[in-house]
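To start, the structure itself, in structure tokens.
The values are calculated or read from the model by the stated rules, or taken from the named source; none is laboratory data. The structure displayed is predicted, hence computed values, not measured ones. Heads up, the Cβs are rebuilt from the backbone with ideal geometry, glycines too, and the neighbour counts pull from every protein chain shown. For the accessible areas, the whole protein counts, side chains as well, though only heavy atoms, and no ligand, DNA or RNA atoms are used. Shrake-Rupley method; radii C 1.70, N 1.55, O 1.52, S 1.80 Å.
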Amino acid sequence: MMFRATILTLYPEMFPGPLGISLAGRAMAEGKWSCNPMQIRDFATDKHRSVDDTPAGGGAGMVMRADVLGRAVDHALETNPAAPVLAMTPRGAPLTQARVRSLAAGPGVTILCGRFEGIDERLFEGRPIEPVSIGDYILSGGEMGALVLLDACIRLLPGVMGAPDSGDDESFEAGLLEYPHYTRPAEWEGRTIPEVLRSGDHAKIDAWRKAMAEKDTRLRRPDLWERHEGARVKSPSGARRQKKE
Ligand code: SAH
């Protein structure tokens, strides 16, 4: 099954952009996903092809019009009906690895990219659209966010990553950051690789990696750690959460 990405944007030439090379580029060449950018301006009806107007209530900047975007979304729903429609906005729910996994398991995604001050709120009421944020900072447009979301999905598509389980240990998959990595040379500027990693004792290595993942998560991401600990306390057996799948 091909993962179909439809992108509604004022800058279709930004796609596939960086997704045309490396892992994602190869996957596209192999027909594992398709990239279909659509120009929002094509859904404007006036002779200036305008897509935005001044904000109701006053204030700086321009707002993307619900009528134009509504037509663009309807067109996307016709051409890619099974795909959920997401809109990039800092007002959306932060994107998570769990959401990425569920999207990657589906038929594809339609992504609406905002520009200017954002999107007329009535669009979110009038169409089934999931608002998504890629983090607590402001981009100049949704296109970079769409590229981030697509990159995260594409690497999970069947046959895209080398080993089928190579994503399983990754940061966030078990609600923790991943453990730190090391490789040759054995010594660099006087620093050596932790002894345990050279012991060949896989039980000890696993225990060390688990301890490091927990320590780094606790120190670097207290928010993740708290959620992880909360989930552990709440689980009926009191045991560590099961590995997914
Ligand atoms: N005035 C808005 C920001 C607009 S930025 C606000 O304060 O909420 C212009 C566009 O960039 C947005 O419509 C959105 O599509 C995109 N964008 C900016 N930051 C984003 C983020 N963190 N996640 C996803 N999209 C973002």
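Computed about the Cα centre, the dipole magnitude for the range 139-218 is approximately 220 debye when only Lys and Arg (+1) and Asp and Glu (-1) carry charge, each at its Cβ.
Loop-located trypsin sites (Lys or Arg not before Pro) in the range 1-81 (DSSP state other than H, G, I, E, B) with a sparse environment of at most 11 neighbouring Cβ atoms within 10 Å: LYS47. When the solvent-accessible area of the range 34-143 is split by element, carbon and sulfur atoms take up 53 percent of it, the probe being 1.4 Å. Computed on the range 3-154, with alpha-carbon pairs under 8 angstrom and 6+ residues apart, the relative contact order is 30 percent. By DSSP, the beta bridges lying fully in the chain are antiparallel in about 15 percent of cases.
Counting only Cβ charges, +1 for Lys and Arg and -1 for Asp and Glu, the dipole size of the range 3-154 around its Cα centre is about 360 debye.
Evaluating 6.51 cos²θ - 1.76 cosθ + 1.60 at θ = phi - 60° for every residue in the range 31-47, the Karplus couplings come out as x, 7, 8, 10, 10, 10, x, 10, 7, 4, 4, 5, 9, 7, 10, 8, 6 Hz, glycine and proline recorded as x.
The charge dipole of the range 73-208, taken about its Cα centre with unit charges on the Cβ atoms of Lys, Arg (+1), Asp and Glu (-1) only, comes to about 100 debye. Calculated accessible area for the range 68-190 comes out at 51 Å² per residue, all protein chains present (probe 1.4 Å; ligands, DNA, RNA ignored).
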